[in-house]
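The structure appears below as structure tokens.
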């Protein structure tokens, strides 16, 4: 009783502890997720704010630089207009470019051709020839001399070098003065505005990673370097990342499960991620601390309750339990006599009366079974008992000798081991039926406490009848081959469970000129002709072949377990050789070689069902019959692979 109480106390208190832990985990997990979403949203907003500030700064820099570059271009035009002779001296133009702090100065004539330049290689360049230069031709239409063009940085026409060009019209002369600069400062400002630059300098906590994906191309434009870009792009293509505004767990590449939060900003999807392990690290620490505290409380409560029950339990109960243990161990002569109070005396008398009634009932049941003359026996096995209760017919059903039965009757463990040995070899296609000598028995065990109740019956007649019925249902009565329906069932099972690296095939066979055999020699000889062919099919390797009669003079073979198609071809060649070596002796004494046409199809690397495989084999058979008979043809190649002569 004390153990039972302790057991249920442990179960109840432990269940309560785990319920508290589960509730705490659910609440803490929800809180952790919400907190992580809020943290990521704040950081993503900070990134976006940084981008916006950088864009404002970039526009200001762009505007200031454009004004500065335009001033230099106008200064160059002014100097050249005041001193037109310097354009003819490249060195003077180069000195002017240094003075104005520009990289190139070009003088374009009214035809759109560079007439003079600080870069001699560019002299003679026609502005009509390049997309970048054609943009400046519009200035030649200005006759007032006040127009200008500030071009964005881009590859120039001459060398595809990234440059920024500013052009102004000349006064008094129809032409353009153009200055070119390498946009170093602007590039630096643009680089500071890139997501990669921002990510590399953005403060992150342990395990946090950031990424940005171009919405128009689906390409990763920046990431912290640890996330697989191909996997990110695939997730974006599947719209998985776009649905993570409020956080979502997902697998990205070969990394562990990540918690991802994203936000769309203009044409870029910005995301932040953290591994589930890092995210839950603090939660698990708190859970472990809580669990340790609860377990300590549980242990204290169990110790206190156990001591309380132990002090309140009547000592006489233990004596009754000891007596019941002796009875359970097979000592049915034990007399339960416990005094001390009327309740225990009444309980003891009731147990003794019940024991006598049980023993009397067991004896009567055993006598009834023996009198019924039914091949039925029973036994009771219980761990710790000193002997096994059995009925008299059990020895004969189990095939034990008298001496062996008497020995096992007193050795319960060896008796139960003998039953287990018999049950390790069940009869195929029968339930709970096992062979014993020349007969078959069924054994049904029912768990009873720490042992079993067993019933054994003779089922020999039933098993033999079932085997006869199954054979007749599944085999052709003339040839002994499988019937087509059973063949399809078995072959479909092998095809479904085909191992990787193995191939299956269906082989369709049609006996050539069988009608002439029947017409010439009679149907009895025709049946013998069919049997001879069937016997050859039955001699094929059973571990690879399932032969069957489809109908009349049509047969089929399903092969399995082969690794290469060449093994199927080898099997067919062997079959053809056997047909030549085993001719059929006809009624007139003539020996006749069985002629067969054949088509086969095999699985290869494809997945297919039996219906499709059989149709392919039928098509190949039709091809074989059509191209001369006496040969076998593969479905794929549709060319003769061998002949029977």
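Among the residues of region 605-612, is any farther than 24 Å from residue 532 by Cα, assigned to a loop (DSSP other than H, G, I, E, B) and touching a strand residue (DSSP E or B) at 6+ places or on another chain (Cβ under 6 Å)? Talk me through it step by step, then tell me what you get.
First, the residues of region 605-612 that are farther than 24 Å from residue 532 by Cα: 605-612.
If we keep only those that are assigned to a loop (DSSP other than H, G, I, E, B) as well, we get 605-609.
Still in the running and touching a strand residue (DSSP E or B) at 6+ places or on another chain (Cβ under 6 Å): none.
Within region 605-612, none of the residues are farther than 24 Å from residue 532 by Cα, assigned to a loop (DSSP other than H, G, I, E, B) and touching a strand residue (DSSP E or B) at 6+ places or on another chain (Cβ under 6 Å).
For region 500-533, enumerate the residues that are surrounded by fewer than 19 Cβ atoms within 10 Å (Cβ to Cβ), farther than 24 Å from residue 619 by Cβ and touching a strand residue (DSSP E or B) at 6+ places or on another chain (Cβ under 8 Å).
528, 532
Of all residues in region 282-295, how many are surrounded by 15 or more Cβ atoms within 10 Å (Cβ to Cβ) and free of Cβ contacts under 8 Å to residues at least 40 places away in the same chain?
Matching residues across region 282-295 total 0.
I'm checking my understanding of the structure. Among residues of region 258-280 that are more than 28 Å from the chain's Cα centre (by Cα) and not in a loop (DSSP other than H, G, I, E, B), which one is surrounded by the fewest Cβ atoms within 10 Å (Cβ to Cβ)?
264
Inside region 384-452, counting only helices (runs of 4 or more DSSP H) that do not spill past its ends, which hold 2 or more residues that are at pLDDT 85 or above and either out of contact with any strand residue (DSSP E or B) (no Cβ under 9 Å at 6 or more places or on another chain) or under 28 Å from residue 464 (Cα atoms) (or both)?
Details: elements: 394-398, 402-409, 412-423.
In region 384-452, 412-423 are the helices (runs of 4 or more DSSP H) which contain 2 or more residues that are at pLDDT 85 or above and either out of contact with any strand residue (DSSP E or B) (no Cβ under 9 Å at 6 or more places or on another chain) or under 28 Å from residue 464 (Cα atoms) (or both).
How many residues does region 570-594 contain that are buried (at least 16 other Cβ atoms within 10 Å of the Cβ) and closer than 23 Å to residue 623 by Cβ?
6
Going residue by residue through region 2-20, is there one that turns out to be within 27 Å of residue 207 (Cβ to Cβ) and either assigned to a helix (DSSP H, G or I) or without any contact (Cβ under 8 Å) to a residue 40 or more places away in the chain (or both)?
no
Residue 73 passes all but one of (1) within 30 Å of residue 115 (Cβ to Cβ); (2) touching a residue at least 24 places away in the same chain (Cβ under 8 Å); (3) touching a helix residue (DSSP H, G or I) at 6+ places or on another chain (Cβ under 9 Å); which number fails?
(3)
Have a look at 107, 102 and point out the one that is part of a strand (DSSP E or B), crowded, with 20+ Cβ neighbours inside 10 Å and touching a helix residue (DSSP H, G or I) at 6+ places or on another chain (Cβ under 6 Å). Spell out the reasoning first.
Details: 102 fails: part of a strand (DSSP E or B).
The match here is 107.
Filter region 104-161 down to residues that are without any contact (Cβ under 8 Å) to a residue 12 or more places away in the chain and more than 26 Å from residue 88 (Cβ to Cβ) and give me whichever is nearest to the chain's Cα centre (by Cα).
Ranking the candidates gives 160 first.
Among the candidates 432, 421, which residue alone is within 42 Å of the chain's Cα centre (by Cα), without any contact (Cβ under 8 Å) to a residue 24 or more places away in the chain and on the phi > 0 side of the Ramachandran plot?
The conditions single out 432.
The values are calculated or read from the model by the stated rules, or taken from the named source; none is laboratory data. What you see is a predicted model; the values in this text were computed from it and never measured. For neighbour counting, all protein chains shown are included, and Cβ atoms are generated from backbone atoms with ideal geometry for every residue, glycine included.
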